[in-house]
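**Q** Below: one structure in structure tokens.
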Number of protein chains: 2
Amino acid sequence: MNIPTIDLPRIVVIGAGFAGLKLARQINSNNYQVVLIDKNNYHTFQPLLYQVASAGLEPDSIAYPIRKTLRKKKNTFYRMASVQTIDRATQIVKTDIGELKYDKLVIATGAGNNFFGNQSIEANAIPMKSLTEALDLRSKMLQNFEKALNTTDLVEREKLMNFVIVGAGPTGVELAGALAELKNKILPKDFPDLDLRLMKIHLIEASDKVLSAMTDKSSKKAHEYLKKLGVHIWTNTFVENYIDGTVHTNGEDFYSDTLIWAAGVKGQVPGGIDASQIGKGNRIIVNAQCQSPVNENIYALGDVALIQTETYPNGLPMMASVAMQQGAYLAKSFNRLAKGKSIKPFLYKDKGSMATVGKNLAVVETKRFKFQGIFAWFVWMFVHLMLLVGFRNRVVVFVNWTWNYFKYNNGLRLIIRPYKKKVDKTADKKSAA
Amino acid sequence: MNIPTIDLPRIVVIGAGFAGLKLARQINSNNYQVVLIDKNNYHTFQPLLYQVASAGLEPDSIAYPIRKTLRKKKNTFYRMASVQTIDRATQIVKTDIGELKYDKLVIATGAGNNFFGNQSIEANAIPMKSLTEALDLRSKMLQNFEKALNTTDLVEREKLMNFVIVGAGPTGVELAGALAELKNKILPKDFPDLDLRLMKIHLIEASDKVLSAMTDKSSKKAHEYLKKLGVHIWTNTFVENYIDGTVHTNGEDFYSDTLIWAAGVKGQVPGGIDASQIGKGNRIIVNAQCQSPVNENIYALGDVALIQTETYPNGLPMMASVAMQQGAYLAKSFNRLAKGKSIKPFLYKDKGSMATVGKNLAVVETKRFKFQGIFAWFVWMFVHLMLLVGFRNRVVVFVNWTWNYFKYNNGLRLIIRPYKKKVDKTADKKSAA
């Protein structure tokens, strides 16, 4: 890889998600050369992917060019590349555009979909972890309604208009709510000659409640909101397979052309990490300094890092807030190291969690406050707006949200690239960053 | 095709461009059943495609869902379909989703690229007639800079950083200006480790001046503006072929990875129209009522229609303003017909033309006024903003333009779907609508 060699230790960061980007921006690059690698030239604001999928926001407003975020950082380089493997012995990262030597390596490759080895699901479900997947879902949903209009076969029409979402965590709940609002408010006007009552949104959850990571009260409220919008909720239900358009579960079967997978994630570990260092959830085992206990020049952050504590025996939660805190923490650690200072361990501050179901319907939990409804919904919007990277993005998202609040109708129901079923679903997975 | 049969004459409109959409919206659908067919579910505001290609606007803000525009029209149906052929004898349109009988057929399929039979150009150039092509160009340009950073081969780097635009009509001029502004103001900050002086923008024109359809004064001003921004202009130059990254012309050769084709368009005539009825520019010959002289229930509008007048012996200009006037005209004609009234011939009102080269740099011509510079630029922006369909789109475009005016930097330089060279360039062309 064509990176100048200078007289500073080189930190290579793989992945420009919440953790990697925060780290790269906060390292004092007078003391280090920083190389940030990602296969996309933009940072994705994953918490709003579901709004792109449900035609609520344009993709461009939840993405931000990595180069723009690093403009004022000297000794800092971005390269668009897919990491193939890490050679720990020679301290080299191998990518599709060449090799790069590192002094310190930070793995912040995030999480990918976990299909728990179920090939029928992996081959036919639509996941929602990237911008292109969210756009695929937007296209597919709209294509299905166009097709439903043109068929006289009632079984086929039902299949096209049934949406099955697996996993009632925040992503599944938020997407189910957004699809229900489309069904209730927008699609009947777009498709006056289609009976939208036929559209069904099924939310399937293996545990006994929605938003199982939150308190019972929040979970119950979210359940109530989803019901109110017309979402069918199936708890204690797990998908066994998905063959020929039929979703087989331990209970009911569902006939559906669209299975959305929001049920499981696992760490996306690049090649070259020793299997003994990969723990629960396919995450890289690190100590309280976010450092590998066996390779002291390798660090891991965010979803791909496994820090087990007494409060979190299965590892810290895989969420943006942990990743951002760790990115900031590691930047500070590196900055202290450069000054010869000692390093403190990482302490996760639980800032709470939230989920929105629909207009005026959200649940928010912090240590001190727990509230639901319209105020929670405004808090949710404000927090997400502030977390977006880039002022222009905030303005455009704000315009869209304000618009939707009063009009319920922003006109983003575009099939710009029609969805086509991928022939080789494995092609995308080879790259780690 | 699954369209209800009702007791009204059925007008089938192919194409939801400026002409077809205007027509469908203005026909009095108490008197007719209207079926609008387009292969995309959105209307594209083509005059701003070049801003999507040059990362100035998001694609979603220059597209508008067709269904949303037809919401309040009764007896009006939209179908997403590609027209295969027209059977004039049985009055049937054949599409990829079935057949449809018409009483009147309106062909408003617009124009496609004309490569004048040159296969090496057709196979390797990037055209810019659709939203996906504009996005492809955005991706390709950004990918090229990423690649240029990573090569040490100076000839390869030059090839990646040379952009050749063929055709100095409004599209070519506007795109050349936009790329020059990217080069001058934005890319050096995004790519501090790349020598952006190596980036060259060549504008090739077969005639002896840029904007040859406008007056000498406008043409000279546009030429001066382009020079000022650093665009290399080659008039009296035509491309002979484009092989292995070399653009061969009657003069200089250019070594470039990116050839953008803005040189020629021709009518996109669906199958089934008699060859004798296709005239200059591959356009369907129609009379002053926009009606085929041999098939009186077939009409053609906009770029695909050939109306020859004394002032315009080669047909009316292929531009949005003609298409919109014809769409409105034909709606009025059909409405008059339904009331048993007589029809007047179509009269084109020349509303002038304009082109923008860059910030504060534009040329505007109407019958009465001709002006250039900053005022022309504001007029250009105002007119384009008002012509956009949808208030939300106008707000988002306005935010972007205001932002760019002060900051020159909106952060849309995203490679959401990487550009890949198409294997089969002919696949897209089979469909007419």
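**Q** Let me know the mean shielding of A:145-153 by other chains, meaning the per-residue number of their Cβ atoms within 10 Å of its Cβ.
**A** If you average over the peptide's residues, the count of other-chain Cβ atoms is 4.
**Q** So, one more: Could you tell me how many degrees, from 0 to 90 and to the nearest 10, lie between the Cα long axis of helix B:131-149 and the main elongation axis, the longest principal axis, of the Cα atoms of chain B?
**A** The answer is roughly 10 degrees.
**Q** Give me the distance in nm between label points sitting 7 Å out from Cα along the Cα-to-Cβ direction at A:Glu158 and B:Asn184, one decimal.
**A** 6.4 nm
**Q** Along Cα-to-Cβ, 7 Å out, sits the label point; list in nm, shortest first, how far the one on A:Ser207 is from those in the other copies.
**A** 6.9
**Q** Using modelled amide H (1.01 Å from N, peptide plane; none on Pro or chain starts), what sits under 5 Å from the amide H of B:Asn236, excluding residues fewer than 5 places away?
**A** Residues meeting the amide H criterion: B:Glu205, B:Ser207, B:Asp208, B:Lys209.
**Q** OK, next. Can you sort B:Ile233, A:Ile37 by how many other beta carbons sit within 10 Å, fewest first?
**A** Details: B:Ile233 19, A:Ile37 27.
Lowest to highest Cβ neighbour count: B:Ile233, A:Ile37.
**Q** Would you please give the residues with an amide H less than 5 Å from that of A:Lys200, counting only those at least 5 places away or on a separate chain, with H modeled from the backbone geometry?
**A** Amide H neighbours of A:Lys200, under 5 Å, 5+ apart: A:Asn162, A:Phe163.
**Q** To continue, here is another question. Given the Cα-Cα distance of A:Thr151 and A:Asp253 and 0.36 nm per residue of separation, how much length would full extension add, in nm?
**A** Working: separation 102, 0.36 × 102 = 36.72 nm, distance 2.28 nm.
Here the segment from A:Thr151 to A:Asp253 would lengthen by 34.4 nm.
**Q** Could you list, in their original order, any pairs among A:Lys22/A:Lys74; B:Lys159/B:Lys420; A:Lys94/B:Lys200 whose Cα atoms are separated by more than 25 Å? Display every interim value, and only then the final one.
**A** Details: A:Lys22/A:Lys74 16 Å; B:Lys159/B:Lys420 17 Å; A:Lys94/B:Lys200 32 Å.
Checking Cα-Cα distances, A:Lys94/B:Lys200 exceed 25 Å.
**Q** Given a Förster distance of 25 angstrom, what is the FRET efficiency for B:Asn30 paired with A:Arg197, based on the Cβ-Cβ distance and rounded to 0.05?
**A** Working: r = 28 Å, r/R0 = 1.12.
So the FRET efficiency works out to roughly 0.35.
**Q** To continue, here is another question. Is there a simple number for the mean count of other chain Cβ atoms within 10 Å of the Cβ of residues in A:66-77, and what is it?
**A** Values: counts 3, 11, 8, 1, 2, 4, 2, 1, 1, 0, 1, 3.
The per-residue average across the peptide is 3.
**Q** Apply the Karplus curve 6.51 cos²θ - 1.76 cosθ + 1.60, θ = phi - 60°, to the phi angles in region B:292-303 and return the couplings in whole Hz, x for Gly and Pro.
**A** Coupling constants for region B:292-303: 5, x, 9, 10, 6, 9, 10, 10, 9, 9, x, 4 Hz.
**Q** Per residue of region A:156-162, what does 6.51 cos²θ - 1.76 cosθ + 1.60 with θ = phi - 60° give for ³J(HN,Hα)? Whole Hz please, x for Gly and Pro, Karplus curve as stated.
**A** Each residue of region A:156-162 in turn: 4, 5, 4, 4, 5, 9, 8 Hz.
**Q** Express in % the proportion of alpha carbon pairs of chain B at distances exceeding 26 Å. Don't skip to the answer; put the middle values down first.
**A** Details: 53093 of 93528 pairs.
Across chain B, Cα pairs with separations above 26 Å total 57 percent.
**Q** Using just the alpha carbons, could you tell me how many Å³ per residue the convex hull of region B:177-280 encloses? The partial results should precede the final answer.
**A** Numbers: hull volume 17.0 nm³, N = 104.
Roughly 164 Å³ of hull volume per residue.
**Q** Could I ask something else about it? Below 14 Å, Cα to Cα, which aspartates and glutamates can B:Lys421 reach? Residues fewer than 8 away in the same chain don't count.
**A** Within the straight-line limit of under 14 Å, B:Lys421 reaches these aspartates and glutamates: B:Glu122, B:Glu133, B:Asp136, B:Asp244, B:Asp257.
**Q** Could I get the Rg over Rh figure for the protein assembly as shown? Both from C-alpha atoms, Rh via Kirkwood, rounded to two places. Can you show the working numbers first?
**A** Details: Rg = 28.5 Å, Rh = 29.1 Å.
Ratio of gyration radius to Kirkwood radius for the protein assembly as shown: 0.98.
**Q** Taking R0 as 51 Å, what FRET efficiency do you get between B:Lys280 and A:Gln119 from their Cβ-Cβ distance, rounded to the nearest 0.05?
**A** Working: r = 57 Å, r/R0 = 1.12.
After rounding, the FRET efficiency stands at 0.35.
**Q** Any idea what the A:Leu337 label distances to the other copies are, label 7 Å down the Cα→Cβ vector, nm, shortest first?
**A** 7.7
**Q** Right, something else. For region A:76-141 and region A:211-275, compute the distance between their C-alpha centroids and round to whole Å.
**A** 23 Å
**Q** How many nanometers, to one decimal and shortest first, lie between the label point of A:Ala89 and those of its other copies, if labels sit 7 Å from Cα toward Cβ?
**A** Here A:Ala89 shows inter-copy label distances of 7.7 nm.
**Q** What's the local net charge at B:Val357, with K and R +1, D and E -1, over the other residues with C-beta under 15 Å away?
**A** Values: positive: B:Lys183, B:Lys185, B:Lys209, B:Lys217, B:Lys220, B:Lys221, B:Lys227, B:Lys228, B:Lys359; negative: B:Glu174, B:Glu181, B:Glu205, B:Glu224, B:Glu365.
Charge balance near B:Val357 sits at +4.
**Q** Would you pull out the residues with amide H under 5 Å of A:Arg283's amide H, same chain only if 5 or more places away, H placed 1.01 Å from N?
**A** Correct list: A:Gly267.
**Q** First measure r as the distance between the Cβ atoms of A:Ile243 and B:Asn236, then evaluate 1/(1 + (r/R0)^6) with R0 = 51 Å and state the FRET efficiency to the nearest 0.05. Could the numbers behind the result be given before it?
**A** Numbers: r = 64 Å, r/R0 = 1.26.
That pair, A:Ile243 with B:Asn236, gives E of 0.20.
**Q** Further question: What are the extents of the Cα atoms of region B:323-390 along their three principal axes, listed from largest to smallest and rounded to whole Å?
**A** Principal-axis extents of the Cα atoms in region B:323-390, largest first: 51, 29, 13 Å.
**Q** Moving on to the next point. Assign unit charges at the C-beta atoms only (+1 for Lys and Arg, -1 for Asp and Glu), then state the dipole size of region A:256-376 relative to its Cα centre in Debye, rounded to the nearest 20. All intermediate terms of the calculation are to be shown ahead of the outcome.
**A** Numbers: 14 positive and 7 negative charges, 128 e Å.
For region A:256-376, the charge dipole is close to 620 debye.
**Q** While we're here: Say the cut-off is 32 Å between C-alpha atoms; which of A:Lys68/B:Lys359; A:Lys147/A:Lys407; A:Lys39/B:Lys228; B:Lys266/B:Lys341; A:Lys220/A:Lys351 go over it?
**A** Check vs 32 Å cut-off fails for A:Lys39/B:Lys228; B:Lys266/B:Lys341.
**Q** List the extent of the Cα atoms of region B:144-236 along each of their three principal axes, largest first, rounded to whole Å.
**A** Principal-axis extents of the Cα atoms in region B:144-236, largest first: 45, 23, 16 Å.
**Q** Let me ask something else. Computed from the mean reciprocal separation of all distinct C-alpha pairs, what Kirkwood hydrodynamic radius does region A:83-160 have, in Å? Please list the in-between numbers first.
**A** Numbers: mean 1/r = 0.0601 Å⁻¹.
Across region A:83-160, the inverse of the average 1/r is 16.6 Å.
**Q** Another question, then. What fraction of the DSSP beta bridges in region B:86-205 is antiparallel, stated in percent and rounded to the nearest 5? Don't jump to the answer; show the numbers that get you there.
**A** Working: 6 of 11 bridges.
Roughly 55 percent of the beta bridges in region B:86-205 run antiparallel, per DSSP.
**Q** How big is region A:284-433 along each principal axis, measuring the range of its Cα positions in Å and listing the largest first?
**A** Extents along the principal axes, in whole Å: 56, 49, 32.
**Q** Would you kindly calculate the mean projected area, averaged across all directions, of the convex hull enclosing the Cα atoms of region B:1-111, in square nanometres?
**A** 7.3 nm²
**Q** What is the extension gain from B:Lys220 to B:Phe378, computed as 0.36 nm multiplied by their sequence separation minus the C-alpha to C-alpha distance, in nm to one decimal? All intermediate terms of the calculation are to be shown ahead of the outcome.
**A** Numbers: separation 158, 0.36 × 158 = 56.88 nm, distance 1.97 nm.
Taking B:Lys220 through B:Phe378 to full extension adds about 54.9 nm, to one decimal.
**Q** Further, regarding this structure: Compute the helix-to-body angle for A:391-407: its Cα long axis versus the longest principal axis of chain A, expressed 0 to 90° and rounded to tens.
**A** It works out to around 10 degrees.
Computed from the coordinates by the stated procedures, all read-outs in this text should not be read as laboratory data. As the structure is a computational prediction, the values presented were derived from the model and not from experiment. Quick reminder, even Gly has a Cβ in these numbers, built from the backbone with ideal geometry, and neighbours come from all protein chains shown.
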